[in-house]
Amino acid sequence: MRFILKHKWLVGIFVTLVIFYAVLQVMIRTIPLPKEGIVRPSSTLIFDANGELLRAFTSSDGMWRIQTSIEHISPELKSFLINYEDRWFYKHPGINPLAILRAVVQNIKNGEIISGGSTITMQIARMMKPKDRTLINKIIEAFRALQLEYYYTKDQLLEIYFNIAPYGGNIEGAAAASWMYFGKEPAQLSYAEAAMLAVLPNSPSYLRPDLYPQDAREARDKILFRMVQFKVLQEKDYLEAIKEPVPTRRIEWPFIAPHFSTGLQLAHPERSRIYSTLDKKLQLIAEDLLTKHLSTLEQAGVTNGSVVIIDNQTHELKALVGSKDFFSEANSGQVNGALASRSPGSTLKPFIYALGLKQGLISPGSYLEDVPVDYSGYAPENYDRKFSGIVAAREALERSLNVPAVNLLASMNGMESLYDVLEKVGIDKLRSEESYGLALALGGGEISLLELTDLYSALANQGQFFHHKELQEEETPNPIELFDAGTSFIITEILANVRRPDLPAVWEFTTLPKVAWKTGTSYGHRDAWSIGYNPMYTIGIWIGNFDGQPAKALVGANAAAPLLFDLFTELSRGKQIKWFNRPDNVKVRKVCSLSGQLPTEYCDSLKDEYYLVDRSPIKECEFHKLILIDEETGYRLPDNYSGQRPFKEQIYIQWPPRVANWMIQNGYQINPLPELLPEYQRQIVGQNPVINSPKENVIYYLRKGISSEYQKIAFSAAVASDARKVYWFVDGTLVGSVNVGEKFFYLPKVGEHRLVCQDDQGRLTEMNLVVKNAEP
């Protein structure tokens with residue numbers, strides 16, 4: 001007590017200090033810390049699958065500032081900074097009284113402020129909200145430093161420093177400086193580079209190596225020498241470090257895959273580094289070959305193109321070229337052609353045939369009709385406007401015939417359809433199925449190159465569809481089963497047999513890579529497509545004009561396919577690529593060369609085909625028929641004839657009704673079946689007539705003021721090859737008869753009628769005919 005009474009002034013000081021400390025602690029905890037000065041928007045770096053930089057984007061405020069964790073900062077840089085700027089960093093509470101006292105002495109001696117005694121934490125406080133160097137501001141910085149030390153650990157403070165420290169111009173943070181001066185991550189710095197970045201924030205305007213290289217070198221070497229004195233750096237390392245040249249210019253950022261990189265940056269604006277699945281080497285190959293290829297089409301009015309490459313094993317996107325020239329304003333170069341939805345032409349046909357195989361409707365050799373057909377006003381034509389009569393499914397796909405593809409799709413009524421496949425994989429611009437109709441088979445819808453390439457990649461993955469991956473951290477998505485492995489293999493074999501523009505007829509004996517491929521040309525020659533795949537990659541090509549301008553040169557096989565094969569050749573160089581293995585459910589069998597059905601003893605020519613053992617059609621040939629001919633009269637006898645008339649056996653080809661009708665109309669020589677012996681003509685054999693016109697479920701209208709001669713309905717039908725005459729009945733009354741291949745014109749009456757078509761063999765087909773008066 002005596003001591004206290006005797007030394008009241010000491011007690012007063014102590015109490016004052018306690019109160020000051022208590023108040024200070026309250027202030028530290030209650031006065032808001034302006035953290036917005038610490039958390040600043042980051043630039044974004046896009047990397048490829050191998051860690052190579054593709055493109056860089058400034059932050060939203062126009063700065064080069066790359067957020068980086070302390071773990072990815074060079075240990076040398078951390079050590080050099082602490083030993084040069086703040087050796088007591090890990091011991092002081094944010095301010096260093098000894099350093100402040102030393103600075104005061106130096107400033108008094110020099111008559112001006114040459115040192116502030118700032119700790120690293122105080123420097124962070126100044127960077128948070130820069131102010132003039134005054135005593136009041138210094139006090140504020142000291143208080144903010146105490147706050148920072150309260151809210152953050154020492155390593156967190158170092159991380160903040162390395163992310164917001166100024167490095168000259170619009171460069172902030174060690175990572176941005178490391179990339180722009182040295183072209184590397186801050187974890188990979190040499191001693192000399194670490195020293196440069198440790199000293200540069202002291203005077204970022206006057207120590208910039210790209211503007212003042214000599215001053216920058218002197219400052220760098222000074223800190224290196226200081227590190228030797230502090231025994232942080234060995235002398236031999238110092239001697240090596242000072243030999244390193246100082247960068248005299250900023251390093252140019254790479255500008256690779258701009259469309260893809262921009263998309264990733266917009267999708268993940270908060271990320272400083274995005275590690276993509278792209279392969280820089282493949283991307284550059286694709287960009288270069290596209291540019292060279294388009295130069296050959298410029299004179300034909302073709303200005304642009306896009307390329308997509310997908311790895312079939314990993315399902316990763318390996319290259320995406322959005323346009324020929326990203327900076328071309330005249331050709332809208334910044335449009336990403338790989339994402340634009342367009343008419344795919346014939347490129348969806350393989351999936352129609354795959355559905356036909358999957359559902360057991362066809363095998364590769366099955367015949368399909370290729371004759372004029374009308375589906376309620378939709379009458380598809382082949383590209384060359386010619387017809388073949390009948391064609392094997394394999395050949396129809398190889399030749400990309402339109403009519404057989406539409407007929408096959410039409411036969412899937414009530415089954416899984418092409419629309420179902422597109423809906424299942426999530427095609428973005430898909431409308432209602434009714435809005436497309438059968439035209440979907442020939443490019444009536446819209447799909448993007450990236451979506452189409454994804455879809456073809458499923459054929460390379462045994463019918464399993466995977467959405468492609470763009471980021472390395474993405475998990476492999478669950479597959480969507482489109483087809484079984486056998487179906488995919490058969491379609492692949494058909495597409496691999498398509499005649500290639502880059503190969504001679506005997507291409508199997510060349511060293512060029514084997515590829516399954518398909519082309520497409522949209523209506524009006526606005527889009528040329530080519531998609532191909534092998535076990536390694538699926539590649540998609542689109543060639544055209546972004547403004548939709550048509551060009552005669554825009555034909556898939558000529559404008560897109562050559563680039564496709566140039567890419568496969570380049571990507572396969574030096575590699576041995578094993579082709580797909582044949583699945584267990586795919587076998588080889590003999591079928592009739594004409595019908596593609598299982599042969600009978602009457603089929604004179606056979607061919608091999610792949611087939612699915614669990615679902616391919618097993619119907620016997622319906623074309624080759626053994627006919628019994630009465631030797632006396634030449635009439636045909638019933639198949640089961642057991643009478644006494646002498647007869648001979650003869651094999652005839654019985655064509656499908658529509659095909660027979662088309663062949664007769666086009667002058668083909670058909671060996672018609674002899675007429676059935678009159679006494680047997682009441683027996684109905686063979687195929688019923690197929691009414692081509694009128695169409696069922698279509699309402700026909702009679703219009704006032706128009707001559708009745710122009711309101712007649714044309715009755716036409718396809719009949720079996722043994723028919724000679726066609727009879728037409730309306731409501732039970734015979735209204736006319738014509739020879740096979742001829743049309744009968746009938747003036748209808750208003751009402752609902754029953755129309756019957758009957759051939760001279762007694763076979764008949766019925767339908768409803770509705771006729772109404774047109775409204776005025």
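Can you pull out every residue in region 652-700 that is open to solvent by 70 Å² or more (accessible area, probe 1.4 Å), in contact with a Phe, Trp or Tyr (Cβ under 8 Å, 6 or more places away or on another chain), part of a loop (DSSP other than H, G, I, E, B) and within 21 Å of Cys757 (Cα to Cα)?
Within region 652-700, just Glu675 meets the criteria.
If you scan region 172-209, which residues turn out to be open to solvent by 20 Å² or more (accessible area, probe 1.4 Å) and part of a loop (DSSP other than H, G, I, E, B)?
Gly183, Lys184, Glu185, Ser190, Ser203, Pro204, Ser205, Tyr206, Leu207, Arg208
Those residues that are outside any loop (DSSP other than H, G, I, E, B), buried (at least 18 other Cβ atoms within 10 Å of the Cβ), out of contact with any Lys or Arg (no Cβ under 6 Å at 6 or more places or on another chain) and among the aliphatic types (A, V, I, L, M), I need them from region 241-288; list them, please.
Scanning region 241-288 gives Ala241, Leu264, Ile274, Ile285, Ala286.
For region 16-32, check the following and say yes or no: at least one residue is modelled with pLDDT of 75 or more, assigned to a loop (DSSP other than H, G, I, E, B) and open to solvent by less than 90 Å² (accessible area, probe 1.4 Å).
yes
Exactly one condition in (1) modelled with pLDDT of 95 or more; (2) out of contact with any Phe, Trp or Tyr (no Cβ under 6 Å at 6 or more places or on another chain); (3) surrounded by fewer than 20 Cβ atoms within 10 Å (Cβ to Cβ) is false for Arg589; which is it?
(2)
What number of residues within region 701-730 satisfy the criterion of being in a strand (DSSP E or B) and among the acidic types (Asp, Glu)?
Residues that pass the stated criteria total 0.
Is it the case, given these coordinates, that Leu449 is within 22 Å of the chain's Cα centre (by Cα) and open to solvent by less than 10 Å² (accessible area, probe 1.4 Å)?
For Leu449, the condition - within 22 Å of the chain's Cα centre (by Cα) and open to solvent by less than 10 Å² (accessible area, probe 1.4 Å) - is met.
Given (1) farther than 22 Å from Ile70 by Cα; (2) modelled with pLDDT of 85 or more, where does Gly116 come up short, assuming only one miss?
It is condition (2) that Gly116 fails.
Give the residues of region 74-88 that are crowded, with 19+ Cβ neighbours inside 10 Å and not in a helix (DSSP H, G or I), sorted by residue number.
Correct list: Ser74, Asp86.
Across region 304-331, which residue is farthest from Ala441 (Cα to Cα) among those that are open to solvent by 20 Å² or more (accessible area, probe 1.4 Å) and touching a Gly at 6+ places or on another chain (Cβ under 9 Å)?
So, considering only residues that are open to solvent by 20 Å² or more (accessible area, probe 1.4 Å) and touching a Gly at 6+ places or on another chain (Cβ under 9 Å), the one farthest from Ala441 (Cα to Cα) is Phe327.
Please enumerate the residues belonging to region 726-754 that are among the small types (Gly, Ala, Ser) and either at pLDDT 85 or above or under 55 Å from the mean Cα position of the chain (by Cα) (or both).
Selection gives Gly741, Gly751.
Are any of the residues in region 755-770 more than 52 Å from the chain's Cα centre (by Cα), of a type in the set (Lys, Arg), surrounded by 16 or more Cβ atoms within 10 Å (Cβ to Cβ) and not in a strand (DSSP E or B)?
Yes, the conditions are met somewhere in region 755-770.
Go over the candidates Gly705, Gly736, Gly741 one by one and state the one that is over 21 Å from Tyr635 (Cα atoms), out of contact with any Cys (no Cβ under 7 Å at 6 or more places or on another chain), among the small types (Gly, Ala, Ser) and open to solvent by 70 Å² or more (accessible area, probe 1.4 Å).
Step by step, each of Gly705, Gly736, Gly741 is checked, and only Gly705 is over 21 Å from Tyr635 (Cα atoms), out of contact with any Cys (no Cβ under 7 Å at 6 or more places or on another chain), among the small types (Gly, Ala, Ser) and open to solvent by 70 Å² or more (accessible area, probe 1.4 Å).
Determine which member of the set Val307, Val335 is closer than 14 Å to Leu563 by Cα, of a type outside the set (Ser, Thr, Tyr) and in contact (Cβ under 8 Å) with a residue 60 or more places away in the chain. Reasoning before the result, please.
Values: Val335 fails: closer than 14 Å to Leu563 by Cα.
Going through Val307, Val335 in turn, just one is closer than 14 Å to Leu563 by Cα, of a type outside the set (Ser, Thr, Tyr) and in contact (Cβ under 8 Å) with a residue 60 or more places away in the chain: Val307.
I'd like the residue in region 412-425 that is in contact with a helix residue (DSSP H, G or I) (Cβ under 8 Å, 6 or more places away or on another chain) and in a loop (DSSP other than H, G, I, E, B) and, out of all such residues, is nearest to Glu369 (Cα to Cα).
Checked region 412-425; the qualifying residue nearest to Glu369 (Cα to Cα) is Met412.
Anything in region 210-225 that is open to solvent by 70 Å² or more (accessible area, probe 1.4 Å) and either in contact with a strand residue (DSSP E or B) (Cβ under 8 Å, 6 or more places away or on another chain) or of a type in the set (Lys, Arg) (or both)? List them, or say none.
Lys222, the sole residue that qualifies.
Just for region 154-171: of the residues that are β-branched (Val, Ile, Thr) and part of a helix (DSSP H, G or I), which one is surrounded by the fewest Cβ atoms within 10 Å (Cβ to Cβ)?
Across region 154-171, the extreme among qualifying residues is Ile164.
Could you say whether any residue in region 477-495 is assigned to a loop (DSSP other than H, G, I, E, B), among the polar types (S, T, N, Q) and open to solvent by 10 Å² or more (accessible area, probe 1.4 Å)?
The answer is yes, given that some residue of region 477-495 is assigned to a loop (DSSP other than H, G, I, E, B), among the polar types (S, T, N, Q) and open to solvent by 10 Å² or more (accessible area, probe 1.4 Å).
Output the number of the condition that Val371 fails; it satisfies all remaining conditions of (1) modelled with pLDDT under 95; (2) open to solvent by 40 Å² or more (accessible area, probe 1.4 Å); (3) within 30 Å of Cys621 (Cα to Cα).
Checking Val371 against (1) modelled with pLDDT under 95; (2) open to solvent by 40 Å² or more (accessible area, probe 1.4 Å); (3) within 30 Å of Cys621 (Cα to Cα), the one that fails is (2).
Could you tell me which residue of region 592-609 is least open to solvent (accessible area, probe 1.4 Å), considering only residues that are of a type outside the set (Asp, Glu) and farther than 11 Å from Ser366 by Cα?
The qualifying residue least open to solvent (accessible area, probe 1.4 Å) is Cys603.
Pairs needed: first member in region 607-623, among the hydrophobic types (A, V, I, L, M, F, W, C); second member anywhere, at pLDDT below 95; C-beta distance under 7 Å; at least 6 residues apart or different chains.
Close Cβ pairs satisfying both conditions: Phe623/Ile653; Phe623/Gln654.
Scanning region 332-347 for residues that are of a type in the set (Gly, Ala, Ser) and crowded, with 22+ Cβ neighbours inside 10 Å, which turns out farthest from Asn545 (Cα to Cα)?
The qualifying residue farthest from Asn545 (Cα to Cα) is Ser346.
Being at negative phi and in a loop (DSSP other than H, G, I, E, B) is true for just one of Phe327, Phe351. Which residue is that?
It is Phe327.
The values are calculated or read from the model by the stated rules, or taken from the named source; none is laboratory data. What you see is a predicted model; the values in this text were computed from it and never measured. A quick note on method: Cβ atoms are made from the backbone with ideal geometry, for glycine too, and the neighbour counts reach across all protein chains shown. Calculation scope for accessible area: heavy atoms of the full protein, side chains included, ligands and nucleic acids excluded. Shrake-Rupley method; radii C 1.70, N 1.55, O 1.52, S 1.80 Å.
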